[in-house]
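The next block holds one structure in the form of structure tokens; read it before the comments.
The values are calculated or read from the model by the stated rules, or taken from the named source; none is laboratory data. If you're wondering where the values come from, they're calculated on a predicted model, not measured in any experiment. Every residue, glycine as well, gets a Cβ built from its backbone with ideal geometry; the counts of neighbours run over all protein chains shown.
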Amino acid sequence: MKNLLSSISVAIGILMAACSNKAHEVWVATKSTPVYASESDTEEKVLFTLVAGDACSPLRSVVMKAYLHTEIQCKKGRGWVVDKQNFDIKPVD
């Protein structure tokens, strides 16, 4: 029983780390970046493409198939990105 509770605690910790709130950041695209319809549609359904200088607010992140997907809200719309390295991440004051 103790092992089961420990396993459940570890699983909850992993899930909380995998799905996090990013309300204290602004992401500014540093290069052309596709934005997808959902976290599972990457490479298939591109909603729009960000260009360098576009600013977005990250909403939440989830891990799918060993990749970190982040939901973002931009002037062009709302969607999911995979390439966090394509952004200059700035704190919100």
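At a glance:
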{"item": "Residue list for segment 34-93, restricted to those being without any contact (Cβ under 8 Å) to a residue 24 or more places away in the chain, over 23 Å from His24 (Cβ atoms) and not in a loop (DSSP other than H, G, I, E, B)", "result": "Val46, Thr49"}
{"item": "Test: Val28 is surrounded by 12 or more Cβ atoms within 10 Å (Cβ to Cβ), modelled with pLDDT of 85 or more and either aromatic (Phe, Trp, Tyr) or touching a Ser or Thr at 6+ places or on another chain (Cβ under 7 Å) (or both)", "result": "no"}
{"item": "Enumeration of residues in segment 47-68 that are surrounded by 15 or more Cβ atoms within 10 Å (Cβ to Cβ), among the polar types (S, T, N, Q) and either modelled with pLDDT under 95 or farther than 20 Å from Val92 by Cβ (or both)", "result": "Ser61"}
{"item": "Count of residues meeting criterion [of a type outside the set (D, E, K, R) and over 10 Å from Gly79 (Cβ atoms)] in segment 43-58", "result": "7"}
